[in-house]
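The values are calculated or read from the model by the stated rules, or taken from the named source; none is laboratory data. Given the structure is predicted, the values throughout are model-derived calculations rather than measurements. Cβ placement follows ideal geometry from the backbone for every residue including glycine, while neighbour counts extend to all protein chains displayed.
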Amino acid sequence: MDGVLGNINLPEDLKNLTGKELDAAASEIREYMIRTVADNGGHLAASLGVVELALALHSTYNSPIDRIIWDVGHQSYPHKLLTGRWELFPTLRQFDGLCGFPKPAESEHDPFLTGHSSTSISAALGLAQARDYNNDDYKVIAVIGDGALTGGMSFEALNHAGHIKADMTVVLNDNKMSIGSNVGSLSAYLGRIRSDPKYSRLKDDFESFVGRIPTIGQKTLDYAERIKGGLKYLIVPGMIFEELGFTYFGPIDGHNIGAIKNALKHANQMKGPVMIHVVTEKGKGYHYAEQSPEVFHGIGPFDLNNGLAKKKKSASYTEIFGQTLVRMSRDNPRITAVTAAMTSGTGLRNFAREFPERFYDVGIAEQHAVTMSGALAAGGMQPVVAIYSTFLQRAYDQILHDVCMQNLPVVFAVDRAGITGEDGETHQGLFDLSFLRNIPNMSIMAPANENELQHMLYTALNYPDGPVALRYPRDKVEGVDLEEPHLIPWGRGELLREGRDLLILAVGTTVNQALLAADKLARQGLEAAVINARFVKPLDQQLISAWSAKCGRVITVEENVLPGGFGSAVLELFEQKGQLIPLKRIGIDDHFVEHGSRGRLLSHFNLDADGIYKEALAFIGHRAVKG
């Protein structure tokens, strides 16, 4: 590490840097982040926008004694670079390398794991209360973006923190998307006034003056209170936070390190909850990210010179889902699409453009999305809720209570199901089969390829008897020819290959790997039958039971945790049928899966053809013969 940052011990020595040196450090950080993400991929735009903020925080506070929590973690790269992870940064998001999100197991400077949105204020409040209970002495700071503030959990935490007057600071990183006034002369002026301790005295003096007005009658007192409230709303920005019990500073230029440090200094002199509102530019410092911050929010490896992806993009399951839904919606005016701040990520951008009156992006509010969809169905519409598997977990009660208990025909498009790769344990979609399968009235399908995805979406939209979940991966498609969507026989699997020595029951993306494994087994003289289950619930009991009895040994393969998953459903079927058949389940054991490429992780957990082949040989007790 060269330059300004190469000569200091991070983050301790940041306090000794001049303003010019801090600005130079910001340039060094940006250059290094851009080069690294160009090689590895990652969440670039948000991190580029908070470089000065990270420098201001770490040159003001004493991490890890003081606790800094970065909401979601998309913007945490500068924080990582400033807390001893500069040399390891090229391993970002690689197997056994740095995690793309704050992770306590990785660094003492990460006080709380943050990979999902809107959690930082709750976490900060908990740390602040633990500090006070234990009579400790440290500061607690939560950094939350304006997008994350659309999540209801953040307002629950603000309401609670303001109510109990918790001693903590919340930094609102506003990238000009929605919250707060635009930066301008008046806003800057008000920000300077609010950052001045004189303002607090002025406010106290005003309230004292109102309290001393003679009570000639209740009418006079009411007038005084109305005048006081009116003046506050007239001159003070961020009154929503003031009303929640926070002292508000801002808006402040989020790329002016001195201005941010000044606000943090004033916040440290106050007791109780403080909100500091900084305005930043997503993608700042890299032209292509500034022009297309959504593209560079999460991006794969790209060419530094033109900002274009290095790998030619192949069609994905997400794109096929979006295209199919648009085609079906042209003929069906009752189809509506709902997502939670993931219009592009879930493939719904074209739907939103073509059917704006039937499209709802509710912000980071998965619970609301699901309950509203249930009510849309109760009102005669056909809602399709497109949410990543990892985020659907946040709406579990709503799925159970507001949809399944009422048996409402809502279609859940569960994107990013299974192993998602480099985003790591907070984003792996490895639990949906388990947490959905046990809910009465819920049906679950998983396509083996893009053609089957079309058919399953068509089938789900034509199933009137209850909710249906359709889960598919974050992956490129198989490359099969697309047919006109048609109905799949409800609850029926498909025998793809006959055999007598072993039955491989596969679901979703593992089906093609199971067929390849069967080919390898055939070269060893072993005949493996392969069934594409298609339905995880309801299972095709007749097909599975008959072929299990015929082969005498069964392997199940799934991209899901083993407890409560597809293999568990097959075991339950055997118990119901009284079938004592040896069964081997291949999936994810009872633990969280860290980051790495999708291919590497599939191989690591024996979910590719070679892994299934090796598991099958071991299960049968057959020694492989070369040739």
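Numbers for the structure displayed
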| read-out | value |
| --- | --- |
| Strands (runs of 3 or more DSSP E) contained entirely in the stretch 439-500, each with at least 1 residues that are more than 19 Å from Val570 (Cβ to Cβ) and of a type outside the set (Lys, Arg) | 468-471 |
| Criterion: at pLDDT 90 or above, of a type in the set (S, T, N, Q) and loosely packed, with under 14 Cβ neighbours inside 10 Å - qualifying residue of Gln269, Gln218, Gln291 | Gln269 |
| So Ala289, is it touching a residue at least 24 places away in the same chain (Cβ under 8 Å), assigned to a helix (DSSP H, G or I) and under 18 Å from Gln75 (Cα atoms) | yes |
| Residue list for the stretch 150-172, filter: within 21 Å of Lys282 (Cβ to Cβ) and in contact with a strand residue (DSSP E or B) (Cβ under 7 Å, 6 or more places away or on another chain) | Ser154, Val170, Val171, Leu172 |
| Top-ranked residue of the stretch 29-46 - restricted to ones that are out of contact with any helix residue (DSSP H, G or I) (no Cβ under 6 Å at 6 or more places or on another chain) and among the hydrophobic types (A, V, I, L, M, F, W, C), ranked as surrounded by the most Cβ atoms within 10 Å (Cβ to Cβ) | Val37 |
| The stretch 55-93, subset surrounded by fewer than 24 Cβ atoms within 10 Å (Cβ to Cβ), touching a helix residue (DSSP H, G or I) at 6+ places or on another chain (Cβ under 8 Å) and among the charged types (D, E, K, R), residue modelled with the lowest pLDDT | Arg93 |
| Only listed residue being in a loop (DSSP other than H, G, I, E, B), in the same structural domain as Asp253 (by TED's automatic domain parsing) and of a type in the set (Asp, Glu), chosen from Glu87, Glu52 | Glu87 |
| The stretch 340-377 - residue that is among the β-branched types (Val, Ile, Thr) and outside any helix (DSSP H, G or I) and, of those, surrounded by the most Cβ atoms within 10 Å (Cβ to Cβ) | Thr346 |
| Residues (of a type in the set (Lys, Arg) and either within 13 Å of Gln524 (Cα to Cα) or touching a Gly at 6+ places or on another chain (Cβ under 6 Å) (or both)) located in the stretch 598-623 | Arg598, Lys614, Arg623 |
| Failed criterion for Asp132 (all others in (1) at pLDDT 50 or above; (2) within 30 Å of Pro293 (Cβ to Cβ) hold) | (2) |
| Any chance Lys312 is closer than 30 Å to His163 by Cα and either charged (D, E, K, R) or not assigned by TED's automatic domain parsing to the domain that holds Ala25 (or both) | no |
| Meets criteria (of a type in the set (A, V, I, L, M, F, W, C), modelled with pLDDT under 90 and either buried (at least 23 other Cβ atoms within 10 Å of the Cβ) or not assigned by TED's automatic domain parsing to the domain that holds Val51 (or both)) for Ala161 | no |
| Hits in the stretch 437-494 - residues which are without any contact (Cβ under 8 Å) to a residue 60 or more places away in the chain and in contact with a Gly (Cβ under 7 Å, 6 or more places away or on another chain) | Asn441 |
| Residue, surrounded by the most Cβ atoms within 10 Å (Cβ to Cβ), within the stretch 378-435, restricted to residues that are under 20 Å from Glu594 (Cα atoms) and of a type in the set (Val, Ile, Thr) | Ile419 |
| Residue satisfying all of: in the stretch 94-124; closer than 15 Å to Asp423 by Cα and charged (D, E, K, R); surrounded by the fewest Cβ atoms within 10 Å (Cβ to Cβ) among these | Asp96 |
